[in-house]
Structure formats: structure tokens, C-alpha cells
Amino acid sequence: MNNIRQITNFSDEVINAPTKDVSVVIGDAKKRITAIYCILPASVLTGSDNTPINKLGYVCEPRGIDYPIMITTGGISRTIYLGKTGMFETMPEVFLNANDEAAEELDCTPKITEVCLPIGERSNPIKFKFDYVFAIR
């Protein structure tokens, strides 16, 4: 069974989250800036140190599109640029060979342990919605 939640730039989890300054490249001009990011470990979002996020979606207002998000899986932080849509989504996928009934199924379930989301300026934060899913027992 899964639990589905949503936070925004107005949520307590974001407002009370620790922050870090991150040097990122933004825009078509490849301008490097230092941006403020909130650090959201899965333990805060799921309420458990042992429960990772297995599906997420992120969407932001147009001025936030150039700011990447960071996702940590398997102890490795990955920087993800959003593209023109300002949206990103990841979810479990199952791969199988439909032409071979004996073929092994490959189950790819993300185990996200931390997400860093751009805040922008404290006085004028980037507006976003962050939806996430985790398994409950």
C-alpha cells in the first residue's frame, strides 16, 4: 500500500528545512549562480529513516524552470534539469520481453533518500508543487 503526499514552497517541511547554497548553471546563456536549496531527507517526508520515496513529481512556476532539482538514490546525488515544461516525474517501471514468456522481469523501483529543491530568494521563493509516494506497511 502507498501513501501519497504533496508539499509546496509554503509547506512547513520546506520552511523549516535546512538549506544550502549550491552553484548551478542556469539559462541558455549557461550562467553560473549560487542558489539557495532546501534539503528534504526522506526521513522527514516519510516519517521513517527506513522508508524511501519511490515515486515523485515536481512542477514549478516559469521563473523556476532553469533551476535544477537534486535527487539522492543509492548514496549518489543526481542533478536533474527540468527542460521547457518545468516538470519532472519518476516512478517504478517494470521491463519485460513480451515475446518471451520465460524472460526475466526487471523491476526498477527508485529508492530516493533525499531531495533538494530550489528556493530562489528567501524574500521571493520559487513557487512549486512536489508530490511524492512511499510504501506503508
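So the values come out like this:
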read-out	value
Where a residue in the stretch 25-50 is within 14 Å of Tyr81 (Cβ to Cβ) and without any contact (Cβ under 8 Å) to a residue 24 or more places away in the chain and its partner, wherever it lies, is assigned to a strand (DSSP E or B) and basic (Lys, Arg), with Cβ under 6 Å and at least six apart	Val25/Arg32
Test for Pro68: is it closer than 20 Å to Ala17 by Cα, modelled with pLDDT of 95 or more, surrounded by 13 or more Cβ atoms within 10 Å (Cβ to Cβ) and within 14 Å of the chain's Cα centre (by Cα)	no
Qualifying positions in the stretch 26-65 - exposed (fewer than 12 other Cβ atoms within 10 Å of the Cβ) and at pLDDT 95 or above	none
Scope the stretch 68-110; condition part of a loop (DSSP other than H, G, I, E, B) and among the basic types (Lys, Arg); matching residues	Lys84
Wholly enclosed strands (runs of 3 or more DSSP E) of the stretch 1-61 bearing at least 3 residues farther than 16 Å from Ile126 by Cα and more than 13 Å from the chain's Cα centre (by Cα)	2-8
Test result for Thr85, under 17 Å from the mean Cα position of the chain (by Cα), surrounded by fewer than 12 Cβ atoms within 10 Å (Cβ to Cβ) and modelled with pLDDT under 95	yes
Any hit, the stretch 98-120, residues being in contact with a helix residue (DSSP H, G or I) (Cβ under 9 Å, 6 or more places away or on another chain), at pLDDT below 90 and within 21 Å of Phe10 (Cα to Cα)	yes
Pick from the stretch 1-24, criterion touching a residue at least 24 places away in the same chain (Cβ under 8 Å) and of a type in the set (S, T, N, Q), ranking: surrounded by the most Cβ atoms within 10 Å (Cβ to Cβ)	Asn9
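One line per residue, one yes/no per condition, for (1) small (Gly, Ala, Ser); (2) over 15 Å from Cys38 (Cβ atoms); (3) touching a residue at least 60 places away in the same chain (Cβ under 8 Å); (4) touching a strand residue (DSSP E or B) at 6+ places or on another chain (Cβ under 6 Å):
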residue: Lys55; (1), (2), (3), (4): no, yes, yes, yes
residue: Pro68; (1), (2), (3), (4): no, no, no, yes
residue: Thr73; (1), (2), (3), (4): no, yes, no, yes
residue: Tyr81; (1), (2), (3), (4): no, yes, no, no
residue: Leu96; (1), (2), (3), (4): no, yes, no, no
residue: Asp107; (1), (2), (3), (4): no, yes, no, yes
residue: Cys116; (1), (2), (3), (4): no, no, yes, yes
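The values are calculated or read from the model by the stated rules, or taken from the named source; none is laboratory data. Just so it is clear, the model here is predicted, and its values are computed rather than measured. We place every Cβ from the backbone using ideal geometry, glycine too, and count neighbours over all the protein chains shown.
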